Amino acid sequence: MNQKWWSGVASVLALAAAAAVSSRPAGAQTMEVKEKPPMYSYLANWNIPRAQWAEMAKSDAADEKLMEKAFASGTIVAYGNDMSLIHQPDQSTHDGWWSAMSMAGVLNVLDQAYTSGSATAPVLSTATKHWDNLFVSRYYNWHSGSWKGVYTHAASYTLKPDAPGDAVEKLTKNLIAPLMEKLLADGTIHEWEVDTEAIHTTNPNTFWLFYITANAEGLDKVNAALTDMLKANPLDGPAFGSMVDFSTHRDELARTNATYK
C-alpha cells in the first residue's frame, strides 16, 4: 500500500522498492504523515449464542447511556459496538469498544461499566468465550459523527523477526496512511487507525489496521483503490511483504455502530 517513498529498510528487496518509489513524480510525495498523541482503545469480545443475539442488541443499546455520558464529558473520544459478519469457530460474534486519549480515560469508563452493572448484564453470562484487548494507536483519523450499520474491516499483520524496530512506523507513514487519508478525504471511509497492543496478550510483533466504510460499496472502493495503487507502484507490495509475515495475516468484517468526536 503506498503513494510515497520510504527507505532505510534492512533488506535488498525493500531498498530496491524504496529506490523505485522515490522516482515518482513530486506531486505523489507531498503528504507528510506525523505521529499523533497516543489514543487508547478498550475492546471487549464476546461469543454469544445465536439465540441470544436479540438480547445482545438490547444490552448494547442500554450501554449507550453510559458511553454518551463519558463522551459528552470528554473522557472518551469514540465508542461503538460490532457484530461479526464472517463467523469463525470459537471467535467473537459481538464486541463493544471505546477510545480515549489516555489509558486512565479508558479504564475509568471500564470502572463505570462494572459499577453500573453493564459489564455483568445477563446476556453476557451466556457467552461461550470472552476476551479483552487494550490497544494503542499513534496513527489515526476520522470524520466526526455517529453512524449505524456501517462496516468495519480489521486486518492483523505480524512483523517478520528481522523487521526493523520502527517497521510499523515506516509502513504506516509511507504505505498505509497515504491511502487511508485519500479514502477518508473522498468519503469512502469514516475512520482509520493502526493499532498495537498496549497490554500484550498476543505476539508483540502484531499490528492491526482498522477502517470503517460508510456503506458496503465502500469496501469495494477500498479494494479498487488498493489495486490501482499497486498497479501504479508495483514494488509497493513486495516492500510491504519484506517486513510482514503474511502466513499469519487475518481479516475480520463486522457491522458497526460508532460515534466519533
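The values are calculated or read from the model by the stated rules, or taken from the named source; none is laboratory data. Predicted model only: the values in this text are computed from it and were never measured. Note that we place each Cβ from the backbone using ideal geometry, even for glycine, and neighbour counts take in every protein chain shown.
Is it the case that A104 is modelled with pLDDT of 95 or more, crowded, with 17+ Cβ neighbours inside 10 Å, farther than 24 Å from V244 by Cβ and under 22 Å from the mean Cα position of the chain (by Cα)?
Numbers: modelled with pLDDT of 95 or more: yes; crowded, with 17+ Cβ neighbours inside 10 Å: no; farther than 24 Å from V244 by Cβ: yes; under 22 Å from the mean Cα position of the chain (by Cα): yes.
No.
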Where a residue in segment 36-62 is among the basic types (K, R) and its partner, wherever it lies, is modelled with pLDDT of 95 or more, with Cβ under 7 Å and at least six apart: K36/R138; K36/Y139; K36/Y140
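Filter segment 205-261 down to residues that are in a helix (DSSP H, G or I), more than 15 Å from the chain's Cα centre (by Cα) and at pLDDT 95 or above, then give me how many there are.
Taking segment 205-261 and keeping what is in a helix (DSSP H, G or I), we get 216-232, 236-241.
Then keep just the ones that are more than 15 Å from the chain's Cα centre (by Cα); that gives 216-218, 220-221, 223-232, 236-241.
Keeping just the survivors that are at pLDDT 95 or above gives 216-218, 220-221, 223-225.
So the answer is 8.
In this structure, does A51 turn out to be surrounded by fewer than 19 Cβ atoms within 10 Å (Cβ to Cβ) and within 21 Å of G145 (Cβ to Cβ)?
Spelling it out, it is not the case that A51 is surrounded by fewer than 19 Cβ atoms within 10 Å (Cβ to Cβ) and within 21 Å of G145 (Cβ to Cβ).
Determine, yes or no, whether K170 is among the basic types (K, R), on the phi < 0 side of the Ramachandran plot and at pLDDT below 95.
Values: among the basic types (K, R): yes; on the phi < 0 side of the Ramachandran plot: yes; at pLDDT below 95: yes.
Yes, satisfied.
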Residue list for segment 179-215, filter: out of contact with any Ser or Thr (no Cβ under 6 Å at 6 or more places or on another chain), acidic (D, E) and under 24 Å from L230 (Cα atoms): E181, D186, E191
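Which members of segment 86-101 meet the condition of being touching a residue at least 40 places away in the same chain (Cβ under 8 Å) and either of a type outside the set (D, E, K, R) or buried (at least 21 other Cβ atoms within 10 Å of the Cβ) (or both)? Working first, answer last.
Residues of segment 86-101 touching a residue at least 40 places away in the same chain (Cβ under 8 Å): 86, 90-101.
Correct list: I86, Q91, S92, T93, H94, D95, G96, W97, W98, S99, A100, M101.
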Checklist (1) touching a residue at least 60 places away in the same chain (Cβ under 8 Å); (2) touching a strand residue (DSSP E or B) at 6+ places or on another chain (Cβ under 6 Å); (3) among the hydroxyl-bearing types (S, T, Y); (4) under 21 Å from L159 (Cα atoms) applied to S242, failing item: (2)
